[in-house]
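*Asks:* What follows is a single structure, and I will ask about it in a moment.
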Amino acid sequence: MKIAFIGAGKVGAAIAIHLANAGHDVVLAESSDGSASVAAARARSSKLRAAPAAAAVADAEVVFLATPYGANEGVLRPLAGALRGKVLVDCTNPVGPGLSHGLESKRSGAAVVQELAPEAKVVKAFTIYGYENLDAPPPPACALRPAMLFCGDDAAAKSAVAKLVADVGFEPVDVGGLAQALHLEHMTLLWIRMVRAGGASPHTVWARLPRG
C-alpha cells in the first residue's frame, strides 16, 4: 500500500517505520526547507522515502496525520484538494491546559480534521497511547495483543486502517462512527494522566478480553 505521513516526530516516525518494515511503500512529507524530524526518521530506516507534501499526498492511498494538533489547520487547508477521496488517519489529539480536552469536549479534534479535509475519509486511530507503545509494539505471537481502538464513518476506509493497525502489531478494534472520536480523545487523556502525570509505566496498554 502507498502511504504518506504528514508529521514524522515520535508518533509518526514509529508508525512509519513499522509499516515500511511490513512491506508498505512509505513516504514522509517534507517541507520546502527540509525537516529535521524527517531526516531523523530516515536515519532510522533506509526504507523510508521523503517528498514534498503535495507530491507525497497525491501519490498515496492512505495519509497519516501525525502533527501536533495545533498545526493541523495550517497543514491540511493547502492539501484539502489532494486529500479528496483518500483515507486520512487522524493520529492527533487536542490537549488543553491542565491535561484537559483542547476543545472543551464540545466536539472532537477528528471532527475538525474532517472539516479541514471535507472530502477525505477520516479515521481516528493510533491515538490512545504515547509514542513508547508505538515505537515498540508487542510481538505478533502475544496471546493477548494490546488493542488499538479506531473509528470512522467510511467502512472501506476503516477496513484499510484495520489492516495497518494489525501490521503494526496491535489488535484492531472498531468502535464505530467518527462521533466516537471524542471518547477516544478522552481515553488518550486518561492514559496521559495515568502515565505522564501519575507515574504509571509508559508501556501501559488497553486490551479487549472476550468472555466466552
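The values are calculated or read from the model by the stated rules, or taken from the named source; none is laboratory data. The model shown is predicted, which means the values in this text are computed figures rather than measured ones. Quick reminder, even Gly has a Cβ in these numbers, built from the backbone with ideal geometry, and neighbours come from all protein chains shown.
*Asks:* Tally the residues that are in contact (Cβ under 8 Å) with a residue 24 or more places away in the chain and more than 25 Å from Val205 (Cα to Cα), restricting the search to segment 112-128. Give the steps one after another, and end with the answer.
*Replies:* Filtering segment 112-128 for residues in contact (Cβ under 8 Å) with a residue 24 or more places away in the chain gives 112-114, 116-128.
So of that shortlist, the ones also more than 25 Å from Val205 (Cα to Cα) come out as 112-114, 116-121.
Matching residues across segment 112-128 total 9.
*Asks:* Among the residues of segment 24-47, what is the count of those that are free of Cβ contacts under 8 Å to residues at least 40 places away in the same chain and in a loop (DSSP other than H, G, I, E, B)?
*Replies:* Summing the residues that are free of Cβ contacts under 8 Å to residues at least 40 places away in the same chain and in a loop (DSSP other than H, G, I, E, B) in segment 24-47 gives 8.
*Asks:* Which of (1) under 21 Å from Lys163 (Cα atoms); (2) crowded, with 16+ Cβ neighbours inside 10 Å does Arg42 not meet, given it meets every other one?
*Replies:* Going through the list (1) under 21 Å from Lys163 (Cα atoms); (2) crowded, with 16+ Cβ neighbours inside 10 Å, Arg42 breaks only (1).
*Asks:* For the structure I just gave you, tell me whether Pro172 is closer than 17 Å to Ile3 by Cβ and without any contact (Cβ under 8 Å) to a residue 40 or more places away in the chain.
*Replies:* yes
*Asks:* Among the residues of segment 183-212, write down those that are under 19 Å from Gly98 (Cα atoms), exposed (fewer than 15 other Cβ atoms within 10 Å of the Cβ) and among the aliphatic types (A, V, I, L, M).
*Replies:* Within segment 183-212, Leu190, Met194, Ala197, Ala200 qualify.
*Asks:* Hey, can you tell me all the residues within segment 45-73 that are over 18 Å from the mean Cα position of the chain (by Cα) and either hydroxyl-bearing (Ser, Thr, Tyr) or under 29 Å from Leu189 (Cα atoms) (or both)?
*Replies:* Matches in segment 45-73: Ser45, Ser46.
*Asks:* If I filter segment 152-164 for residues that are modelled with pLDDT of 95 or more, closer than 27 Å to Ser201 by Cβ and surrounded by fewer than 16 Cβ atoms within 10 Å (Cβ to Cβ), do I get at least one hit?
*Replies:* no
*Asks:* Another one. Considering only residues that are assigned to a helix (DSSP H, G or I) and within 20 Å of Pro52 (Cβ to Cβ), which ones fall in segment 7-23?
*Replies:* Gly12, Ala13, Ala16, Ala20
*Asks:* Looking at segment 16-36, which of its residues are within 16 Å of the chain's Cα centre (by Cα) and under 24 Å from Gly74 (Cα atoms)?
*Replies:* Matches in segment 16-36: Ala16, Val26, Val27, Leu28, Ala29.
*Asks:* Inspect all residues belonging to segment 177-196 and state whether any of them is in contact with a helix residue (DSSP H, G or I) (Cβ under 8 Å, 6 or more places away or on another chain), at pLDDT below 95, farther than 20 Å from Thr67 by Cα and of a type outside the set (Gly, Ala, Ser).
*Replies:* no
*Asks:* Which of the residues belonging to segment 93-111 are within 19 Å of Val195 (Cβ to Cβ), of a type outside the set (A, V, I, L, M) and touching a residue at least 60 places away in the same chain (Cβ under 8 Å)?
*Replies:* Asn93, Pro94, Ser100, His101
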